[in-house]
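Here the structure is laid out as structure tokens; the discussion comes afterwards.
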Amino acid sequence: MPIKQKGRAAGFNTPNRFEKLHIEKLDIEPDEHDEPVPVPTQYFRDASKTILAKNDSPDIPYTYSINPYRGCEHGCIYCYARPSHEYLGFSAGLDFETKILVKHDAPELLDAELRKKSWEPQLVALSGNTDPYQPVERKLGITRRILEVFLKHRNPVGIITKNSLASRDLDILKELALMNLVSVTISFTSMNPELIRVMEPRTAAPAKRLELLELLASNGIHAGVMIAPVIPGLTDEEIPALLREASEHGAKFAGWSLVRLTGPVQPLFIDWVERELPERASKVVNRIKEIHGGKLGETKFGLRMSGEGKIAEAIKKLFKVNSQKYGLTGRRFEYSLDQFRRIPDDEPGKQMEMF
């Protein structure tokens, strides 16, 4: 029986589609005095020998991304990255937010890639799948070391996060910004801290994200917001307020995308919304189906993030009108490519010359 876990969004582990065996606890009603046993976070060493993931989706504005972590303790219930945990032998449910793989060698692997003669300077997204500033980054500092590598080679990097920990790396971000090598996108779904606490349980509070946005903007760093995912019937009404707050805190741009629930994310989300928001559950689920042609998620390029139908079109217009109203329709940021430095393998001593 799925139950609420303190500090977790998922209530259970979904079956892994690649595994023949799935173990479930007996469906026994808990005693009224029973309390959920906290599920601790475990960390595992990821021994990957490559670090840059190549993307060929026409919906994504970059070719390469780098993910220092697999799995994400933020635990956002709607996360599209959850099914990727199944490739590691884990579940997309509680496992995704409690079993985190750590790429300790990510900075060194990235450095080796940027030294190759075949590498052409271009934007690299940090991260494309899970948040580079999830809680364990405070202790490990892998993302910070990755940023040092980008600065050393002067290769552009685009960061997306919903954690205020990015403020720790302000010194490196300012150096990158002076050469037009970085932009930071802060992800928002809602300004309601109570909703965020149960939907994105280990992320920064909305007010903290706005503080981060203002800090970045005031230090000359190109920063903006991504309202994602927009959940019709739950968070779509907040778009005007979110854009207003973003503008007032220095955002230079804004984007959006609709929620899409695929594979194991579907039962996880339905269990969550029925558990946390029972009075709104039916409305939310039905509206998600309306924007995806009767399904909870769409996989087709061009539709999976924007949806279709009257509700999707209304959300699109709401975003467009308010982004224009609050001056968040600026031209696309131009990253500098002509400052890239290819450091030969036989010159390791130049590694820290920027500092």
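Evaluate segment 112-121: report whether one residue or more is crowded, with 24+ Cβ neighbours inside 10 Å, modelled with pLDDT of 95 or more and either touching a helix residue (DSSP H, G or I) at 6+ places or on another chain (Cβ under 8 Å) or closer than 22 Å to S57 by Cα (or both).
First pass over segment 112-121, keeping only residues crowded, with 24+ Cβ neighbours inside 10 Å: none.
Scanning segment 112-121, I find no residue that is crowded, with 24+ Cβ neighbours inside 10 Å, modelled with pLDDT of 95 or more and either touching a helix residue (DSSP H, G or I) at 6+ places or on another chain (Cβ under 8 Å) or closer than 22 Å to S57 by Cα (or both), so the answer is no.
Quick check: anything in segment 195-202 in contact with a His (Cβ under 9 Å, 6 or more places away or on another chain), of a type in the set (D, E, K, R), more than 20 Å from S127 (Cα to Cα) and free of Cβ contacts under 8 Å to residues at least 40 places away in the same chain?
The answer is no; no qualifying residue exists.
Need pairs with beta-carbon distance below 7 Å; first residue within 13 Å of I288 (Cα to Cα) and in contact (Cβ under 8 Å) with a residue 12 or more places away in the chain and within segment 305-317, second of a type outside the set (D, E, K, R) and surrounded by fewer than 16 Cβ atoms within 10 Å (Cβ to Cβ); sequence gap 6+ or separate chains.
E308/G293
Kindly indicate whether V182 is in contact with a helix residue (DSSP H, G or I) (Cβ under 7 Å, 6 or more places away or on another chain) and closer than 21 Å to C72 by Cβ.
Considered against the rule, which asks whether it is in contact with a helix residue (DSSP H, G or I) (Cβ under 7 Å, 6 or more places away or on another chain) and closer than 21 Å to C72 by Cβ, V182 comes out as no.
Table: residues versus (1) buried (at least 20 other Cβ atoms within 10 Å of the Cβ); (2) modelled with pLDDT of 95 or more; (3) among the hydroxyl-bearing types (S, T, Y); (4) within 20 Å of the chain's Cα centre (by Cα).
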residue	(1), (2), (3), (4)
T98	yes, yes, yes, yes
E108	no, yes, no, no
V124	yes, yes, no, yes
L140	no, yes, no, yes
I146	yes, yes, no, yes
G158	yes, yes, no, yes
E175	no, yes, no, no
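Tell me which residues, restricted to segment 203-217, are buried (at least 24 other Cβ atoms within 10 Å of the Cβ), farther than 14 Å from D131 by Cβ and in contact (Cβ under 8 Å) with a residue 40 or more places away in the chain.
L216
If you take the residues of segment 289-335 that are part of a loop (DSSP other than H, G, I, E, B) and acidic (D, E), which of them is surrounded by the most Cβ atoms within 10 Å (Cβ to Cβ)?
E298
Residues that are within 25 Å of D169 (Cα to Cα): find the strands (runs of 3 or more DSSP E) completely inside segment 180-262 holding 3 or more of those.
It comes to 182-188, 222-230.
What do you reckon, is A205 modelled with pLDDT of 95 or more, in contact with a Lys or Arg (Cβ under 9 Å, 6 or more places away or on another chain) and not aromatic (F, W, Y)?
For A205, the condition - modelled with pLDDT of 95 or more, in contact with a Lys or Arg (Cβ under 9 Å, 6 or more places away or on another chain) and not aromatic (F, W, Y) - is met.
Every residue in segment 90-138 that is of a type in the set (D, E, K, R), more than 21 Å from L261 (Cβ to Cβ), outside any loop (DSSP other than H, G, I, E, B) and touching an Asp or Glu at 6+ places or on another chain (Cβ under 8 Å), please.
Result: R115, single match.
Between L268, L277, which is within 30 Å of H85 (Cβ to Cβ), aliphatic (A, V, I, L, M), surrounded by fewer than 18 Cβ atoms within 10 Å (Cβ to Cβ) and at pLDDT 95 or above?
L277
The values are calculated or read from the model by the stated rules, or taken from the named source; none is laboratory data. Remember, predicted model here, so these are calculated numbers, not experimental data. Counting neighbours? That spans all protein chains shown, and the Cβs are built from the backbone with ideal geometry, glycine included.
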